[in-house]
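Each value in this text was obtained by applying a stated rule to the coordinates, not by laboratory testing. Model, not experiment: these values are computed from the prediction. Quick reminder, even Gly has a Cβ in these numbers, built from the backbone with ideal geometry, and neighbours come from all protein chains shown.
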Amino acid sequence: MLDLYQFEMSHYAEKVRLILDYKELPYRKIEVTPGIGQIELFQMSGQRKVPVLKDGSEIIADSTAIAEYLDRKYPEKPIIPSDPDQKGLCLLIEQWADESLGLNARAGLIGSLSQNQSFRTAALPSSTPDILKNLVGAIPGDFLGILGVGVGMGPDTVKEATDALKRSLTALSFMLMEQPYLVGDTPTLADFAVAGLSMYIKFPTGGYLDIPESLKGKGVAGIADVSIFDPFFNWRDQLYTDFRKVSVRSNTPSTGGSAPTSIEIE
């Protein structure tokens with residue numbers, strides 16, 4: 001049994017979960033609780049970010065390194081093409097998804113959270129007390145925007161990210177107009193990277209993620225709620241239908257120090 005040290009809301013972890021499901025590899029999700037400490041995760045993997053995969057004595061950090069490891073160790077249903085042209089294109093799209101699509105999606109989501117009170121409270125864990133949900137929802141969006149400037153996520157950054165996302169989804173829609181996958185006739189790492197890292201743009205519906213039901217189908221304002229990008233999201237939904245397994249929570253956050261308890265998202 002593989003162990004995936006993860007954060008359920010991490011889109012980089014979702015990329016890995018898609019790959020594991022496609023390869024039909026059984027795994028246990030070990031949820032890492034933010035805010036308590038990063039010592040054990042660092043001791044185990046030499047760094048503090050999720051996802052981290054544990055396969056027996058093997059410890060692999062970083063979603064790309066995990067994908068490459070899984071294709072070497074479990075070569076059935078390969079996700080990296082052997083054809084040189086297709087392999088190069090696959091790896092190029094995956095790198096772009098990691099370094100552009102994923103980062104812009106995070107900025108766009110932060111902007112939507114600051115603008116929409118109900119979306120903001122929906123993003124809180126279902127176990128959050130109502131009084132805390134009310135307090136978070138009552139925070140003025142302008143104040144959150146000021147806080148965002150302090151961490152490099154001000155209104156200008158959010159707008160640039162949202163505009164970039166619109167261009168990216170338009171390009172992806174054109175690419176997928178007459179082909180089922182981004183590279184070749186079978187799914188590759190490129191598809192799973194793009195699908196997983198678009199999670200923040202619009203959260204998938206269905207039982208794939210252990211997130212509040214009120215969050216599913218929601219996402220970045222001006223993208224998740226308009227029909228022009230339906231071709232892309234319809235493609236992604238079909239990928240989920242074909243390959244993603246319904247999520248069953250297999251581990252609860254540790255309180256006794258037996259698992260890592262804090263993360264930084266890649």
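Which of the GluC sites (Glu not before Pro) found in segment 1-67 are loop residues per DSSP with 13 or fewer other Cβ atoms within 10 Å of their Cβ?
Qualifying residues, ordered by number: Glu24.
Starting at 0 and stepping by 5 Å, how many percent of the alpha carbon pairs of segment 1-84 end up in each bin?
Going out from 0 Å in 5 Å bins, segment 1-84 shows 3, 14, 27, 26, 15, 8, 4, 1, 0, 0 percent.
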